[in-house]
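This report refers to the structure that appears directly beneath it.
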Amino acid sequence: MIVVMEAGAPQTAVDHVVKLVREFGLVDHVIVGTDRTVVAAIGDKRNVDKSAIENAPGVEKVVPILAPYKVASREVRKEPSTIPLGARASVGGGGDVAVIAGPCSVESREQLMEIAHAVREAGAVGLRGGAFKPRTSPYQFQGLGEEGLELLAEAREQTGLAVVTEVMSIDQVELVSRYADVLQIGTRNMHNFNLLVACGATDRSIMLKRGWSASLEEFLLAAEYIINAGNPNVILCERGIRTHETYVRNTLALGIVPAIRRESHLPIVIDPSQGTGHAYMVPSMSRAAVATDADGLLVEVHADPEHALTDGAQSITPEAFAKTMQDVSRIAEVLGRQLQRLA
Ligand code: PEP
Ligand code: MN
């Protein structure tokens, strides 16, 4: 349920509600809005004396949360959340469009630095690159591991870009958190609830990719696991779903942007690379994503796609990326927005 405080209710009243909520065995999430504070109280409500909370000083009303997801839902927080992307950028909150770009995998120092400088030059605020790669076949390149993380940190040092990289298992969380600004949870792990909880215990922002067969409800419930574990900084990422189609690797479900806006306060970014599987489609789907008012993009860029160790077919060149950035910037402008720059 949501305890809506009166406008201007003092902190002591909020603290008292939090105390009551805890006494009833519920978990509290205090959300400070622009004109009022709400306390979301999550858990088994059978032993809760609702009237005790309703009559507490400074409480305006107590309302049930109807959506299956609670703390991720717009019912609990009306204003869009702003999630940090390292120290110099952010995603969401109705702010500027944040573009994160880089190779699918970190392959070498030379490869990563070349791409990092190129995407920085073109206006990206985040650098993506996998050090641990979830590969369908055990015979494919699995990533450089910690060496890849070190290279990502070096690229951040050189460019100021925030580092976004995947964590595949609980035992990697501590290691990846030492290097990354944002922990990416891949599509194959969206239902790995123990990993979600482990990432929820960190102070890193989390980029949660939609499972390729997950519904919007399942997607938001996965985000809920992370937030309930103590980490409110969740960025949702649509990366395409599996359908009967064969001309694309995945079907990029852009309709999720307005749907997420309606259902949740969390930002949503679009990955047109996994979302199509084909480099030739990435510029147009990037433009379309920004036109839906998405909060950002996650784009795979490679200086030599033909020789990329992973996902070359869907990686665009730095030149194509620079052109795409110019185009999406103009589309953002039509919507009264702009591309975010590093602070
Ligand atoms: C990726 O971003 O390279 C990746 C493996 O993504 P996904 O988990 O969406 O397949
Ligand atoms: Mn990839």
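Here are some notes:
- Carbon and sulfur %, accessible surface of segment 293-343 computed with the full protein complex present, 1.4 Å: 51 percent
- Karplus-based coupling profile of segment 290-300, in residue order and whole Hz: 5, 5, 7, 6, 4, 7, x, 10, 10, 10, 8, with θ = phi - 60° in 6.51 cos²θ - 1.76 cosθ + 1.60 and x standing for Gly or Pro.
- Estimated translational D of segment 72-166 in µm²/s (Stokes, Kirkwood radius over Cα pairs; 20 °C; 1.002 mPa s): 149 µm²/s
- Here segment 2-63 exposes an accessible surface that is 50 percent carbon and sulfur, computed with a 1.4 Å probe and the other protein chains kept in place.
- Temperature 20 °C, viscosity 1.002 mPa s: under these conditions the Stokes-Einstein estimate for the chain, based on its Kirkwood radius over C-alpha pairs, is 104 µm² per second.
- Nearest-ten-degree value, helix 216-228 long axis tilted from longest Cα axis of the chain: 70 degrees
- DSSP beta bridges confined to the chain are antiparallel in about 40 percent of cases.
- Ranked packing of 242-250, 224-232, most packed first, by mean Cβ within 10 Å: 224-232, 242-250
- A protection proxy built from the mean count of other Cβ atoms within 10 Å ranks the segments 167-175, 271-279, most packed first, as 271-279, 167-175.
- For the chain, calculated [θ]222 nm from helices alone, where every DSSP H run of n ≥ 4 adds -39500 (n - 2.57): -9500 deg cm²/dmol
- Solvent-accessible surface (1.4 Å probe) assigned to F24 amounts to roughly 50 Å².
- Backbone geometry of segment 17-33 corresponds, through the Karplus equation with coefficients 6.51, -1.76 and 1.60 at θ = phi - 60°, to 3J(HN,Hα) couplings of 4, 4, 5, 4, 4, 5, 4, 7, x, 9, 9, 9, 10, 8, 10, 8, x Hz, x marking Gly and Pro.
- Put simply, the amide H of M207, placed in the peptide plane, has neighbours under 5 Å in L183, Q184, I185, I235, leaving out anything fewer than 5 places away on its chain.
- For segment 102-176 and segment 232-290, distance of Cα centres in Å: 21 Å
- Most positive-pole-ward Cα, I115, Q140, M281, against dipole of segment 82-334 from beta carbon charges: M281
- Burial ranking of peptide ranges 259-266, 59-66, 324-331, 120-127 (average Cβ count within 10 Å, highest at the top): 120-127, 259-266, 324-331, 59-66
- Surrounding net charge for R74, when Lys and Arg each add one and Asp and Glu each subtract one, Cβ distance under 12 Å: +2
- Gain in span if fully extended, A322 to H307, counting 0.36 nm per residue against the direct Cα distance: 3.4 nm
- Principal semi-axes of the equivalent ellipsoid, √(5λ) from the alpha carbon gyration tensor of segment 2-63, are 18, 11, 10 Å from largest down.
- 24 Å Cα-Cα reach of K133 towards lysines, excluding residues that sit fewer than 8 places from it in its own chain: K209
- Helix 146-159 axis versus longest C-alpha principal axis of the chain: approximately 90°, rounded to the nearest ten.
- The listed residues I268, I241, once ranked by accessible area (1.4 Å probe) with the largest placed first, stand as I241, I268.
- Accessible area in square angstrom per residue, segment 109-173, 1.4 angstrom probe: 43 Å²
- Net charge dipole size for the chain [Lys, Arg +1 and Asp, Glu -1 on Cβ; Debye, nearest 20]: 720 debye
- D293 - accessible surface, heavy atoms, 1.4 Å probe, Å² rounded to 10: 60 Å²
The values are calculated or read from the model by the stated rules, or taken from the named source; none is laboratory data. Treat the numbers as computed from the prediction; the structure is a model and nothing was measured. Cβ: placed from backbone, ideal geometry, glycine included. Neighbour counts: every protein chain shown. Surface accessibility is based on the protein's heavy atoms, side chains included, excluding ligands, DNA and RNA. Shrake-Rupley method; radii C 1.70, N 1.55, O 1.52, S 1.80 Å.
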